[in-house]
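Note sheet for the following structure.
The values are calculated or read from the model by the stated rules, or taken from the named source; none is laboratory data. Remember, predicted model here, so these are calculated numbers, not experimental data. Cβ coordinates were reconstructed from backbone atoms using ideal geometry, including for glycine residues, and neighbour counts include every protein chain displayed.
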Amino acid sequence: SAARNRPEGVARYTGRMPSDGVLAPHLMSELSRALEREEIVVYYQPQVDVATGEVRGVEALVRWAHPVHGLLPPAAFIPAAERTGLIRPLTFYMLDRVLRQAVEWREAGTPLRVAANLSVRDLLDPTFAKRVERLLAQHGMDRNVLELELTETMALVDPERSMEVLQALAHLGVVLSIDDFGTGYSSLAHLQRLPVHRLKIDRSFVTGMIDDDACAAIVRSTIELARNLGMTVVAEGVEDDSTFMSLRDMGCDVAQGFGLGRPVPADQIEALVGVIEDRVPRILRAGVAQG
Ligand code: C2E
Ligand code: MG
Ligand code: MG
Ligand code: MG
């Protein structure tokens, strides 16, 4: 499936990338050229409405279609991009791409919300919200079509500065999500102060929840927490149908994972959404029939 998703002429990522530290300087000068050469590509992973099986949104995930190393996952270059500051142009490149794509989907009559991942540098940039606003206007895109994901840890690096950026983004009408929820160390008091709309339960809890009661308890209480705070709750890392059905029973709103749909290039999204919206409602009906 990874091979099927590969852009033409791009070798498969072998998993043998030298560690981030070793290759970083070389990769980084290449990365800034890669942005100009359009080697940075966006994959999209569907987010499925748990109650209905509909897909109303996707998460944008960056890939580097490297001419020599093949299709590189974000882990191979995001950490170095964050250290060197290249992450800021990368974030804007991604935002520009996903908004252009969202316009295309809207014009095709299949509107989808798109979620993009932020980095800590974005949250510390006092001009960030203004620049997002300008980009939304350039694309003529409704603000609530864009979702921005941040982690608890990012928001804690400089809580006051990031709070200002987040409030400006929330004021714009952009949807804000806490990614990898449960893996950071933020207090519930801090969480409650953040102007965020969605909680994404980290996949380490979701993937294990069928076999591990502790994981299931964490998922269950996170869903309840989100509900009590008036937030939408998204489960990441849904790898099979039984996990999906128990999330449904727990009252989770949205599910995302390899068991529903893997990240794919934009031109494969419509077909993938068709497959999901055919299959998942049938699983839901069968689940209801079994009681
Ligand atoms: P994330 O935002 O938590 O994204 C979810 C990751 O989990 C993705 O990995 C996705 O392919 C993977 N995933 C989804 N469903 C499943 C599943 O069922 N099982 C398993 N085992 N994995 C699943 P990916 O694409 O390698 O991205 C890794 C991380 O890189 C992302 O985690 C995010 O933190 C970061 N990232 C991705 N794109 C960007 C970007 O454009 N900018 C920034 N700053 N970070 C990004
Ligand atoms: Mg994410
Ligand atoms: Mg995540
Ligand atoms: Mg993550």
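From the list Thr153, Thr183, exactly one residue is within 16 Å of ligand 3 (Cβ to nearest atom), surrounded by fewer than 18 Cβ atoms within 10 Å (Cβ to Cβ) and either farther than 22 Å from Gly251 by Cα or among the aromatic types (Phe, Trp, Tyr) (or both). Which is it? From the options Thr153, Thr183, the qualifying one is Thr153. Kindly indicate the residue of the range 232-253 that is of a type in the set (A, V, I, L, M, F, W, C) and surrounded by fewer than 23 Cβ atoms within 10 Å (Cβ to Cβ) and also farthest from ligand 4 (Cβ to nearest atom) among those meeting that condition. Only one residue tops the list, namely Met245.
If you filter the range 234-286 down to residues that are part of a helix (DSSP H, G or I) and of a type in the set (Asp, Glu), you find that the one that is farthest from Ala60 (Cα to Cα) is Asp249.
Note on the range 69-188: no enclosed strands (runs of 3 or more DSSP E) hold 3 or more residues that are within 16 Å of ligand 4 (Cβ to nearest atom), touching a residue at least 60 places away in the same chain (Cβ under 8 Å) and closer than 22 Å to Gln256 by Cα.
Just to be sure I understand, how many residues within the range 35-59 are within 16 Å of ligand 2 (Cβ to nearest atom) and within 30 Å of Gly287 (Cα to Cα)?
Within the range 35-59, residues that are within 16 Å of ligand 2 (Cβ to nearest atom) and within 30 Å of Gly287 (Cα to Cα) number 8.
Selection of the range 161-196 for residues being at pLDDT below 95 and away from ligand 1 (no atom under 16 Å from the Cβ) yields Tyr185, Ser186, Ser187, Leu188, Ala189, His190, Leu191, Gln192, Arg193, Leu194. Under the condition of being of a type outside the set (D, E, K, R) and within 16 Å of ligand 2 (Cβ to nearest atom), the residues counted in the range 170-193 number 9. Each residue in the range 59-94 was checked for being in contact with a strand residue (DSSP E or B) (Cβ under 8 Å, 6 or more places away or on another chain) and over 27 Å from Leu124 (Cβ atoms), and 3 pass.
Of everything in the range 189-221 that is in a strand (DSSP E or B) and not basic (Lys, Arg), the residue that is farthest from ligand 4 (Cβ to nearest atom) is Leu199.
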